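First up is the structure itself, then whatever we jot down about it.
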Amino acid sequence: MAITIVFTYKDDKDTKAQMIINVADAADYVAAADRLQLLLDPLTGAQLVDCHAVIGIPLADGLKTAAAASSAVEEGGKFIWNVAGGFRTAFQLPAINESVLVAATPFVDRDLPVVGALIAGMMTDATGIYGVPVVGLDRAGQAFSKARV
């Protein structure tokens with residue numbers, strides 16, 4: 001099973017950036033990360049401030065088998081959620097379907113069944129994800145990433 005290693009670097013302005021490297025042999029990912037840290041450090045002026053592993057999980061059955069013809073990952077949708085204690089959390093979904101936006105606006109249409117299902121699912125299931133209950137959707141709308149990669 002492959003493991004993704006994420007290196008987080010910080011520059012002298014405290015701006016952070018991440019670099020991702022996939023490691024084929026999951027059994028030896030800690031040793032690989034240790035070696036890579038030492039190999040990469042002399043090549044950057046930034047400081048390595050975090051290194052962690054991401055473990056792959058099989059995809060659920062029933063997902064689409066190809067991207068939509070007009071999809072563009074930099075044209076995303078940002079969802080900002082209210083969580084217990086007066087805090088917020090957010091995620092950005094790549095390539096949001098324009099069909100879920102209110103016509104002629106950048107806002108997600110909360111009245112659509114697919115959006116309602118997401119809201120209900122987050123309020124029901126997200127406690128296990130965030131550790132605190134999600135109490136509602138604060139706002140959601142189209143959001144563009146900085147650049148294509």
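Only one residue in Ala104, Ala95 is part of a loop (DSSP other than H, G, I, E, B), of a type in the set (Gly, Ala, Ser) and closer than 24 Å to Ala66 by Cα. Which one? Matching residue, one of Ala104, Ala95: Ala95. Total residues in the range 25-82 satisfying the condition of being more than 25 Å from Leu101 (Cα to Cα), touching a residue at least 40 places away in the same chain (Cβ under 8 Å) and either assigned to a strand (DSSP E or B) or touching a strand residue (DSSP E or B) at 6+ places or on another chain (Cβ under 6 Å) (or both): the figure is 8.
Can you tell me which of Val114, Val135 is of a type in the set (A, V, I, L, M) and assigned to a strand (DSSP E or B)? Quick ask: steps written out before the conclusion?
Numbers: Val114 fails: assigned to a strand (DSSP E or B).
Unique residue meeting the criteria: Val135.
Readers should treat all values here as calculations from the given coordinates under stated rules, not as data from a laboratory. Keep in mind it's a predicted model, so treat the numbers as computed, not measured. FYI the Cβ positions are ideal-geometry reconstructions off the backbone, even for glycines, and counts take in every protein chain you see.
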